[in-house]
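**Q** Mind having a look at this structure? Questions to follow.
The values are calculated or read from the model by the stated rules, or taken from the named source; none is laboratory data. Keep in mind that what you see is a predicted model, and the values were worked out from it rather than measured. All Cβ positions, even for glycine, are placed from backbone atoms using ideal geometry, and neighbour counts span all protein chains on display. What goes into the accessible areas is simple: the full protein's heavy atoms, side chains included, and nothing from ligands, DNA or RNA. Shrake-Rupley method; radii C 1.70, N 1.55, O 1.52, S 1.80 Å.
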Amino acid sequence: MHSRMLRHRVVTGAVTLALALGGVAITGGSAQAAGASADRATTSDCQQARKDLSKAKKKLRKAKRSGESAKVRKAKKRVKAKKAAKSRACAAPAPVTEESVLEQVQQGQLGLDGLDLNSLTGALPPELAAALTQLVAQLEGALDGIGASVPGADTAELEALLAALQAMDVQGVVSALQGLAGSLTEIGGGPEALDTLISLLQGGLPGGASLPISGLSDLQALLGQLAGQLGGLGAGFDPVTAPAQVQAAIAQLIATLQGLAGNISGDSAPGLSALTELVDQLGTLGALVPGGVGSADVLAQVLGTMLGFLPSGADPLQTLTDILSGGGLAGVLDLLGLGDLLGGILGGGLLGTPAA
């Protein structure tokens, strides 16, 4: 019965992929091909490890002939390390059993259960948040489906299910998402401020490169890649029928998420922190609703106007930081002709001028 269920799942997934991806879906044979590819990779690693050990032994013999004890000790350590590497690379793979597959399924489920997805999606624009949520739901569903297919499966079916698990790389996805959530949290500002900032970056900063934030163009490119990759995955995938395609897509997604996290927590962090602080202060002044519709447009208008009025040679980012730390943003907006963004706040005496 379980074999029939698995075959039905394979056929259904193949049709779905053919429609969603516009290509030829990889069926059960691909799982065997993926397994053969993995075997070849393992054999290649073993051969390389043997060669490395042989070289290390030659260097040890040469060191002994030199009579220098320091070189001998170093060469012995190298031989010991290469022996350990060869043992790992040439070890026979453990047999695939129901227990081993179910254990990996459970590990993936625990990883997804421990993911604080709310904190991440709350800091992203709705379309990215929805796509990430859908991806996690797809991973959860695929794990459940594999777990239900394991009991009673024969060896070939178990190997196909194991290939599907490895293609999803659930732990890698969870780790990458956690890293991105941590990086976004570190730059400061609430989730709504980050939502506005990321929406702005997706559309491009006013003035292009005139706002000196390190790596900003790379960050914009990565956000575009993330949206495209999530959209592709959102079309539907089945790791049982197309492990190679799923593995490639997931690997690209993980690399993009890691790139985003590294950029946000790297040299870009101070500049991004200033922008989230600007969003927070504009929200306090009533100029925008952080995370609300049109908030990114207001932020772009404020930044664009500021850049246009700055004197030649001034550092825009430092000027912005000084304004924000001095608490004079409302006055600056009024001087720049943006007082109408504040509605009735200025007339209400925010600057010490009573309403007429």
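**Q** Kindly provide the set of residues from region 212-251 that are under 30 Å from Pro270 (Cα atoms) and of a type in the set (D, E, K, R), ordered by number.
**A** Asp218
**Q** Determine whether Asp267 is closer than 17 Å to Leu219 by Cβ, touching a residue at least 24 places away in the same chain (Cβ under 8 Å), among the charged types (D, E, K, R) and assigned to a loop (DSSP other than H, G, I, E, B).
**A** Judged against the criteria, Asp267 is a match.
**Q** Go through (1) at pLDDT 85 or above; (2) assigned to a helix (DSSP H, G or I) and name the single condition Leu288 misses.
**A** (2)
**Q** Consider region 133-162. How many of its residues are of a type in the set (Ser, Thr, Tyr) and over 27 Å from the mean Cα position of the chain (by Cα)?
**A** Matching residues across region 133-162 total 2.
**Q** Also, I was wondering about something else. Report, by residue number, each residue of region 39-91 that is outside any helix (DSSP H, G or I) and either in contact with a His (Cβ under 7 Å, 6 or more places away or on another chain) or over 30 Å from Ala163 (Cβ atoms) (or both).
**A** Gly67, Glu68
**Q** Among the candidates Gly215, Gly236, Gly207, Gly203, which residue alone is touching a helix residue (DSSP H, G or I) at 6+ places or on another chain (Cβ under 6 Å), open to solvent by 50 Å² or more (accessible area, probe 1.4 Å) and either at pLDDT below 85 or among the aliphatic types (A, V, I, L, M) (or both)?
**A** Gly207
**Q** For region 239-253, how many residues meet the condition of being open to solvent by 20 Å² or more (accessible area, probe 1.4 Å) and touching a residue at least 60 places away in the same chain (Cβ under 8 Å)?
**A** Matching residues across region 239-253 total 4.
**Q** Among the numbered conditions (1) at pLDDT 80 or above; (2) out of contact with any helix residue (DSSP H, G or I) (no Cβ under 8 Å at 6 or more places or on another chain), tell me where Leu226 comes up short.
**A** Going through the list (1) at pLDDT 80 or above; (2) out of contact with any helix residue (DSSP H, G or I) (no Cβ under 8 Å at 6 or more places or on another chain), Leu226 breaks only (2).
**Q** Looking at region 277-289 only, could you name the residues that are surrounded by fewer than 22 Cβ atoms within 10 Å (Cβ to Cβ) and within 28 Å of the chain's Cα centre (by Cα)?
**A** Result: Glu277, Asp280, Val289.
**Q** Kindly list the number of the only condition in (1) closer than 23 Å to Pro191 by Cα; (2) part of a helix (DSSP H, G or I); (3) in contact (Cβ under 8 Å) with a residue 12 or more places away in the chain; (4) more than 20 Å from the chain's Cα centre (by Cα) that fails for Gln258.
**A** (4)
**Q** Let me ask another. Out of the residues in region 309-328 that are in a helix (DSSP H, G or I) and more than 18 Å from Ile213 (Cβ to Cβ), which is most open to solvent (accessible area, probe 1.4 Å)?
**A** The residue in question is Phe309.
**Q** Taking the options Ala131, Ala167, Ala142, name whichever one is touching a residue at least 24 places away in the same chain (Cβ under 8 Å), in contact with a Gly (Cβ under 6 Å, 6 or more places away or on another chain) and under 28 Å from Leu223 (Cβ atoms).
**A** Unique residue meeting the criteria: Ala131.
**Q** Residue by residue through region 50-96, note down the ones that are of a type in the set (S, T, N, Q) and open to solvent by less than 60 Å² (accessible area, probe 1.4 Å).
**A** Ser54, Ser66
**Q** Continuing with the same structure: Please pick out the residue among Glu103, Glu99, Glu127 that is open to solvent by 50 Å² or more (accessible area, probe 1.4 Å) and under 30 Å from Val289 (Cβ atoms).
**A** Glu127
**Q** Can Gly182 be described as modelled with pLDDT of 90 or more, assigned to a helix (DSSP H, G or I), within 23 Å of Ala251 (Cβ to Cβ) and out of contact with any strand residue (DSSP E or B) (no Cβ under 9 Å at 6 or more places or on another chain)?
**A** no
**Q** Tell me, yes or no, whether region 99-106 has at least one residue that is free of Cβ contacts under 8 Å to residues at least 60 places away in the same chain and within 30 Å of Ser183 (Cβ to Cβ).
**A** Yes - at least one qualifying residue is present in region 99-106.
**Q** Just a yes or no: is a residue in region 141-155 open to solvent by 30 Å² or more (accessible area, probe 1.4 Å) and under 18 Å from Ala249 (Cα atoms)?
**A** Yes, region 141-155 contains at least one residue that is open to solvent by 30 Å² or more (accessible area, probe 1.4 Å) and under 18 Å from Ala249 (Cα atoms).
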